[in-house]
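Just so you know, all these numbers are worked out from the coordinates, no wet-lab data involved. For clarity, every value in this text was computed on a predicted model and none was experimentally measured. Glycine also receives a Cβ, built like all others from the backbone with ideal geometry; neighbour counts cover every protein chain displayed.
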Amino acid sequence: MAQTRISRGWSLTLLALLCLDAISLTSSSTQNPAQTDSIGATDPRFNRVRSKIETVMLKDQLPSVAVAVAQHGKIIWEQGFGWADREQLRPATVDTMYSLASISKPFTATAIMTLVKQGKIKLDAPANEYLGAAKINGLAGDASGATVRRLLNHTSGMPLHWQFIYVSEAYDCPPMDDTILRYGNLVNPPGQVYQYSNLGFGILSYIISRVSDLSYADAMRTLVFAPLDLPHSTVGIAPGLERYAAARYDSRTSTIPFYTFDHLGASAVYSSAHDLIRFAMFHLKDHLSDQQAILDDETIDLMHRLDTPMDPPNEFYGLGFFGTSDEHGLKSIGHDGGMPGVSTTMRLYPDEDLAVVALTNASPSDVYSGMHAIPEIEQEIVASLVPRYAQALASKPTSPESPKETYTPRSELLGTWTGTVRTWQSTIPLKLTFQPDGDIHVKLDDQFETLLNRPLWRGKMFVGLFNGSIPTPDANRQRHYVRLELWERGEGKLQGEANAEAADEPPHYSLASYVELTRTAR
C-alpha cells in the first residue's frame, strides 16, 4: 500500500549539504567501488536506464535505488546507486536489504503454498481452522467462507487495516490474537468483492507460524529463504544483518525510526535486489540449480492465475500476486510496495521469461497516486529489452490530467440511514443523511453532526471522510479522522467499515470497525 509523505524539518545548511552529496554520488555512481562487481554495470542496453535513475534520484531526492534484471534464467543486470544509509556513508549495493512493504505478500503466499503442498494446510478450508481462540468474526457474512484461498486473493471480506508501530514511541505491538479479536471482522460477505487487506495477510502469517510451530520469521527462513538460497532476505532485520539494511527516509530525506506491524505477512519482509530477482526467477519457473523445488510448476501457475478482478478493471489478483493481461502488449505479474520510507516493484513477464526488480528507501510520492519513480524505472528497463513493449509505451498517448472525482447523488440512497458502528469495545450509533443537493450529513454517537467530505464512488463502493473519532484506546492514541467504505446490500441496507485513520505524520494506522445501516426515511 502507498502511504503519505512524512515531513520533518531540516536546516537549510544540512539540506544543501545532502543535496550536494546526492548530486556528487549520482553523477559518478558507476565509479562507486561498491558497484565494480555489479553484473551488467557497463551493458550499453541499460545506458538510458542508468541515466533515468540518476535523473529521478536528483528530481525526487531518492537516497538510493537498486535494480536487478533476469532473462532466460540468467541475471543480466544488477546494480545499486546512491546511499543505503547516508548517515553511515554506506553505499547501496545489490546485496543491500530493502524493506519491501507489500512485496512481502508474494513471499507469504509462497510459504502458504509450500504448506499446502506438504498437506498441512487446505487451500479451501476456513482460515479459522488454523487459528486458536481468536477467530475471524462473521459480522457481514459466514466466517467459514473466509478461506485460506480467499485471504490470499483479498476476497475473504476482511478490511484493509494497517498499523505501524515505531520503536521511538511507547506503544507496543499487540499480539496477533488481540488484533484478530479486535479487527478480524468480516466487512463484506466472503467471495463477493475484492478488498485489499493487509490484515488478511497478517492472519496468513499467523497461520504459517501456528502450523509450522515456528515464529513467522523462522518459518519464512525455513520454508522459503533458505531453500531458495536467499541469504539477504529476512522478516525484519535479522541479527547480524544490520550492516546490510537500508535506512528508511521520508520525502525530505529525514531518517524514519524503525517500525514494525501487527500484519507481518503483509509488510515485514526485507530483501536485496539480488535475492528478490532470484525469487522472481523461481516464480518464472527458471529452475536454478541452487534452489530447491519448494513448489511445482502447476502450483506456481495457480498462484499466477489472475482470477480476481480489481479496480481498475484491467487489473487482476491471483494468490499473492497482481497483474494484467496487457501491460503495453505484455502479460505482467508481480507486486508493488509502498509505505513510509519504501517504494518497491517486482514484475514478471512470463512470455519474455523476464523479471525486473527496482527498490528504493524513500517514501512514495502520494498516498492516493502512489509510487512514480520506481515504476518509471521498471518500464524503462523493460523497454530497453523488448522492442514491442518500447513501441507500445512510446505510442501511448499522453494522458491528460485526470479529472477530479466528483460525487453525484444516487436516488436509491437519498434519505436518512441509521445504524451502528461496532468497535471492539462497544456499539455506537451512526446516522447518514443523503440530500438531493449532494450534501451528506453524518452524526456519530454524541459527537457533533458534520458533513461527509470527499464523497465518491469507487465501483460499487461508496467512500467518504468526516471529522470524528472512534472511541477505542488504540485509535485515540493519535488524532484521527473517520473514513467510511460502504456497499449496498440489497434493498435498504448499507454495510461496510468505519476506519479510524491517524491524521498526523508519520502515518500510524487505519483501524476498521464494522458498519451496518438501514434506511429509515426517504
Computed D for region 259-350, Stokes-Einstein, Kirkwood radius over alpha-carbon pairs, 37 °C, 0.692 mPa s, to the nearest µm² per second, is 225
Scan around His480 for amide H atoms under 5 Å from its own, H built in the peptide plane at 1.01 Å from N, and keep only partners 5 or more places away or cross-chain.
-> Ala503
Tell me the trypsin sites (Lys or Arg not before Pro) within region 99-139 that lie in a loop according to DSSP and have at most 14 other beta-carbon atoms within 10 Å.
-> Lys120, Lys122
In order through region 233-238: 3J(HN,Hα) via Karplus (6.51 cos²θ - 1.76 cosθ + 1.60), integer Hz, x for Gly, Pro | 10, 8, 8, x, 10, 5
Given the alpha-carbon gyration tensor of region 53-158, what are the semi-axes of its equivalent ellipsoid in whole angstrom, ordered largest first, with each equal to the square root of 5 times an eigenvalue?
-> 40, 18, 13
Distant alpha-carbon pairs in region 411-521 (separation over 21 angstrom), percent = 30
Helix axis angle, 104-117 relative to the chain longest principal axis, alpha carbon, degrees | 90
Descending principal axes extents, the chain, alpha-carbon based, whole Å | 70, 58, 50
Given H placed 1.01 Å from N in the peptide plane, which residues other than close sequence neighbours of Asn361 have an amide H under 5 Å from its amide H?
-> Ser64
Rg (Å, one decimal) plus Dmax (Å, integer) for the alpha carbons of region 287-330?
-> 13.1, 39
What helix-only [θ] at 222 nm does the chain give? Using -39500 (n - 2.57) per DSSP H run of at least 4, over all residues, to the nearest 500, the answer is -7000 deg cm²/dmol
Using the Karplus curve 6.51 cos²θ - 1.76 cosθ + 1.60 with θ = phi - 60°, work out ³J(HN,Hα) for each residue of region 499-512 in order, rounded to whole Hz, and write x for Gly and Pro.
-> 9, 7, 10, 4, 8, 9, 9, x, x, 10, 6, 9, 10, 9
Hey, got a sec? Which trypsin sites (Lys or Arg not before Pro) in region 209-255 land in a DSSP loop and have at most 16 other Cβ atoms within 10 Å?
-> Arg252
Relative packing of 446-457, 61-72, 255-266, 470-481, which averages over residues the other C-beta atoms within 10 Å, highest first = 61-72, 255-266, 470-481, 446-457
Glu378, Glu327, Glu505 arranged by Cβ crowding within 10 Å, fewest neighbours leading = Glu505, Glu327, Glu378
To the nearest 10 degrees, how steeply does helix 273-283 sit against the main Cα axis of the chain, on a 0 to 90 scale?
-> 70
